[in-house]
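Chemist: Below you'll find the structure I mean.
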Amino acid sequence: HEAHGDAGACAARRLPSLRLAAKQEISFDALDGKNVLVVGESGRVGGSVVTQLLKRGSAVTVGGTSIDSFLAAQQRWHASFPNLPVDDVQFQALDREEEQS
């Protein structure tokens, strides 16, 4: 199949569970009380993910390389969403050079 440009269809036949999993809906209610790690919160996409998870009751930990960018993002979340528990968001320092990080 790959020679004909149909590699995706061939992979789907080898992994039928992927096809079934794609049909299941994800309920936002299922995020309530879940621990979620978000990496890259300082941008608009990561920040939006953090705030949406907070709205749905998730316990959020942010992984990043800079506590300063996390604190700046946290201030933006406070300003935009004063009723969200953004102070409860935890920060976990990550080091791109350290394998165990």
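Computed from the coordinates by the stated procedures, all read-outs in this text should not be read as laboratory data. Note that the structure is a prediction, hence the values are computed from the model and not measured. Cβ placement follows ideal geometry from the backbone for every residue including glycine, while neighbour counts extend to all protein chains displayed.
Chemist: Contour minus end-to-end for Thr65 and Ala79, with contour as 0.36 nm per residue of separation and end-to-end as the Cα-Cα distance? Mind dumping the intermediate values first?
Modeler: Working: separation 14, 0.36 × 14 = 5.04 nm, distance 2.29 nm.
Once the chain is fully extended between Thr65 and Ala79, it gains 2.7 nm.
Chemist: Would you please give the residues with an amide H less than 5 Å from that of Val39, counting only those at least 5 places away or on a separate chain, with H modeled from the backbone geometry?
Modeler: Gly63
Chemist: Another question about this same structure. Residues of region 53-71 with amide nitrogen under 20 Å from the 7 Å Cα-to-Cβ point of Asp29?
Modeler: Taking a point 7 Å out along Cα→Cβ of Asp29, the residues of region 53-71 whose backbone N falls under 20 Å are 53-59.
Chemist: When the Karplus curve 6.51 cos²θ - 1.76 cosθ + 1.60 is applied with θ = phi - 60°, which whole-Hz ³J(HN,Hα) does each residue of region 57-69 get, with x for Gly and Pro?
Modeler: For region 57-69, the Karplus curve yields x, 7, 8, 10, 10, 9, x, x, 9, 9, 5, 5, 5 Hz.
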